[in-house]
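A.B. asks: Encoded as structure tokens, here's the structure I'll be asking about.
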Amino acid sequence: MSSSAFTRRQFGTRLLAGLGASAAAPGDRIAAMLQAAQAPAIVRAPGARMELPSGVMCGDVTADGAVIWSRADRPSTMLVQWSTTASFENVRRVVGPLALSDTDHAAKTVLTGLPAGQHIFYRVRFADLADTRLISEPVEGHFKAPPADARDVSFVWSGDTAGQGFGIDLGRGGIRTYETMRVAQPDFFVHVGDTIYADAPLAAEMPLDDGTVWRNEMTPEKAKVAESLAEFRGNHLYNYRDAHVRRFNSEVPGYYQWDDHEVLNNWYPSEELDDSRYTERKVSVLSSRARRAFFQCLPVRPHPTEQIFRNIAYGLLLELFILDMRAYRGPNTANRQTAPDETTALLGRAQLDLLKSGLAASRATWKVICSDMPIGLTVTDGSAFEAVANGDGGAPLGREHEIAELLMHLRDARVRNVIWITADVHHAASIHYDPARASFKAFDPFWEFVSGPLHAGTFAPPPLDSTFGPETRYLGIPSGMKPNRPPSAGLQFFGRVRIDAATRAMTVEHWNVGGERLWSIDLPAARTAPS
């Protein structure tokens, strides 16, 4: 993750020189470095104790490894130990990358050789580059490696963290939904977008309509819209100030995707802003910086082009398909083009083809499409349209062409047991799609489950577009609710999915921040016919 003119080999030489071992061979230098990292007596200069202010995180856990992320408070080298026991017997040690100022001292490394289906316990330290005697206290985390066989699986998903001006209010308990999800003890978490709100500065105080005042913890990066790489990073690091978020991150591995607020509301790559808050008006520049911050501040597996779209197999029962509906889209338009072209792109041709082939090739019982935007809900951008639906309700037009192509492919290739999970629209809902109700009929019935926000304003749903025959089977907000309900109103949601290894059935549930299960459905696994 980090790069510099000061290498790990140079650090090892300096460290061992300080330990009186400058003549050690390269392999011995690394071993001594790790031994120093676990030594009971660590020498520290007065007032110079190293800190890991953002905790630790694990992500993109696959059969061939897992990403470990953390952040130091100064230039240093990341040191990771892991074991299959909480007592760290038979510990394995990894020298991670340098954590330098170009990443705000964040670093991540990939652990490999993990035993399938086992609990993995890890701890992270950082060794100071300027003074080899200074090594941080460890911060610990744990996760479970994916099984190689068919075992029970459970995960949670949601989106929308710290939006609509609602940051960390310690007097109201902070970002509480993360603690509720942690208590559910899922195998992993999928954050389906709006991991930050880079375009939504916080105010120190915000009056609520119940007469109380929301009081935000403040940082410089949250006081204005994000434009620089450091400001985008600061939006991610702000969320890690919350103790619930840090504890959750240390215990539940995550898979992350972006939506719009990682950059700005309703963005598309070719957009140029007319917004006096911004000095940089080219969204292509802003999104490039935001993408870099996303990869620097989350445990997303490194990729040469920082590609967010990926599919991840989790044992024999589940495969995730994590979409990117931002980087390849055309402009937001009236969304009524009669034939697909560059202006109707949402996934884009390359991503759509990879998604189709990946779904058809998947051997997992259940295929979960993690979408940063909903299919049938009509999401507008002024007089234009932001998501798939255009409100027309007839034959596929505009961005609906891509979804129609995908759905028809799933039917023709006989790809079974596909569900969609999403957030974006700030409420909880279960929507069933059926060709019997649709204008476009060349597809098999399927479910789309919406959940969120994690910590943001709650809104009523926009209208459904009937092109693909949606029907809302569950809605988790009260009738006539005022828009933009604060997190203190209790209308914060996440979804939970469980797959039973014996029956291969999937159970999907909606939960709220108070730990109440609101709705549930059991979906049997289809074999030769669609469910």
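The values are calculated or read from the model by the stated rules, or taken from the named source; none is laboratory data. Predicted model, so just to flag it, every value in this text is computed and none were measured. Glycine also receives a Cβ, built like all others from the backbone with ideal geometry; neighbour counts cover every protein chain displayed. Quick note on the areas: whole protein, heavy atoms, side chains included, nothing else; ligands and nucleic acids left out. Shrake-Rupley method; radii C 1.70, N 1.55, O 1.52, S 1.80 Å.
A.B. asks: Could you tell me which of the pairs K108/K367; K108/K144; K222/K282 are separated by over 23 angstrom between their Cα atoms in the structure shown?
C.D. replies: The pairs that break the limit, which is 23 Å between Cα atoms, are K108/K367.
A.B. asks: Could you order S276, S70 by accessible surface area, starting with the largest, using a probe radius of 1.4 Å?
C.D. replies: Largest to smallest exposure gives the sequence S276, S70.
A.B. asks: Follow-up. In percent, what relative contact order does region 380-491 have, based on Cα pairs under 8 Å that are 6 or more apart in sequence?
C.D. replies: 28
A.B. asks: Grab the DSSP H runs of the chain that are 4 residues or longer, score each as -39,500 (n - 2.57), total them, divide by all residues and round the 222 nm result to the nearest 500 deg cm²/dmol.
C.D. replies: -5000 deg cm²/dmol
A.B. asks: Follow-up question, since we're still on this one. Which residues among region 447-463 fall inside the zone where the amide N is under 17 Å from a point 7 Å beyond the Cα of N484, along Cα→Cβ?
C.D. replies: 453, 455-462
A.B. asks: If amide H atoms are built 1.01 Å from N in the plane of the peptide, which residues on other chains or at least 5 residues away come under 5 Å of the amide H of V513?
C.D. replies: Q492
A.B. asks: How much accessible area per residue does the chain have, counting only protein heavy atoms and a probe of 1.4 Å, in square angstrom?
C.D. replies: About 37 Å² of surface per residue is accessible.
A.B. asks: Taking R0 as 25 Å, what FRET efficiency do you get between T503 and A436 from their Cβ-Cβ distance, rounded to the nearest 0.05?
C.D. replies: The value I calculate is 0.40.
A.B. asks: So if we plug the beta-carbon distance of L523 and V285 into 1/(1 + (r/R0)^6) with R0 = 41 Å, what FRET efficiency do we get, rounded to 0.05?
C.D. replies: 0.40
A.B. asks: Based only on Cα atoms, what mean projected area does the convex hull of the chain have, in nm²?
C.D. replies: 25.2
A.B. asks: Rounded to whole Hz and in sequence order, give me ³J(HN,Hα) for region 445-457 from the Karplus expression 6.51 cos²θ - 1.76 cosθ + 1.60, θ = phi - 60°, writing x for Gly and Pro.
C.D. replies: Each residue's phi maps through the Karplus curve to give x, 7, 10, 10, 10, 10, 8, x, x, 6, 6, 6, x Hz.
A.B. asks: Out of all DSSP beta bridges with both ends in the chain, state the antiparallel percent to the nearest 5.
C.D. replies: 75
A.B. asks: Through the Karplus equation 6.51 cos²θ - 1.76 cosθ + 1.60, θ set to phi - 60°, convert the phi angles of region 81-89 into ³J(HN,Hα) values in whole Hz; use x for Gly and Pro.
C.D. replies: Result, rounded to whole Hz: 10, 9, 7, 8, 10, 5, 7, 6, 6.
A.B. asks: Starting from 0.36 nm per residue, how many nanometres of slack lie between A460 and Y240 once their C-alpha separation is accounted for?
C.D. replies: 76.3 nm
A.B. asks: Report the gain in length on full extension from T219 to T343: 0.36 nm times residue separation, minus Cα-Cα distance, nm rounded to one decimal.
C.D. replies: Gain in length upon complete extension: 40.8 nm.
A.B. asks: Tell me the relative contact order for region 132-235 as a rounded percent, counting alpha carbon contacts under 8 Å between residues six or more apart.
C.D. replies: 27
A.B. asks: Which whole-number percentage describes the relative contact order of the chain, with Cα contacts under 8 Å and a sequence gap of 6 or more?
C.D. replies: Result for the chain is 13 percent.
A.B. asks: Mind listing the phi-derived Karplus ³J(HN,Hα) values for region 208-220, rounded to whole Hz, using 6.51, -1.76 and 1.60 with θ = phi - 60°, and x for any glycine or proline?
C.D. replies: 9, 6, 8, x, 8, 10, 7, 10, 8, 5, 10, 9, x
A.B. asks: Can I ask one more? I'd like the FRET efficiency for S87 and R247, computed as 1/(1 + (r/R0)^6) with the beta carbon distance as r and R0 of 25 Å, rounded to 0.05.
C.D. replies: Efficiency for this residue pair is about 0.75.
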